[in-house]
Amino acid sequence: MTEEKTFLVINAIPNMEEMESFQLYLSQIVPIFMKFGATNMQRFKPIEQVMGNGGIKATAVFEFPNPQAVKDMIASDAFNALNNLRKKAYMQDVDLMNCNAL
């Protein structure tokens, strides 16, 4: 039996004072996602906080073939080689969640 596909949901707050780092990070991380099977990338920018505390400035959703593909990607040397750039590009830790469709 094969595992069900998963959706990697990413919530983040880009560092607006480091937009060059943010753009560089995106240019390097997306190919890593694709290497581990990511498809159907969708990116969202909140336009209005209508409830809750807010803070999130960027949300992305990637479809992966299964949850293990995401875990393998996060454990990979390629992903972890971007740790310092990621810390510079974002105001705080980036939230990554494996999600299934309901």
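Every number in this text was worked out from the coordinates using simple rules, so none of it is lab data. What you are looking at is a predicted structure, and each value in this text was computed from that prediction instead of being measured. All Cβ positions, even for glycine, are placed from backbone atoms using ideal geometry, and neighbour counts span all protein chains on display.
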- Query: Restricting the first residue to the range 33-51 and requiring it to be without any contact (Cβ under 8 Å) to a residue 60 or more places away in the chain, which pairs with a second residue that is surrounded by 10 or more Cβ atoms within 10 Å (Cβ to Cβ) and charged (D, E, K, R) meet a Cβ separation below 8 Å and a spacing of at least six or different chains?
  - Reply: Phe36/Asp72; Ala38/Glu63; Thr39/Glu63; Asn40/Glu63; Lys45/Lys57; Pro46/Lys57
- Message: Just to confirm my filter: which helices (runs of 4 or more DSSP H) fall fully inside the range 1-100 and include at least 2 residues that are among the basic types (Lys, Arg) and surrounded by 12 or more Cβ atoms within 10 Å (Cβ to Cβ)?
- Response: 83-89
- Message: Of the conditions (1) among the acidic types (Asp, Glu); (2) farther than 29 Å from Leu102 by Cα; (3) without any contact (Cβ under 8 Å) to a residue 24 or more places away in the chain, Glu18 satisfies every one except a single condition; which number is it?
- Response: (3)
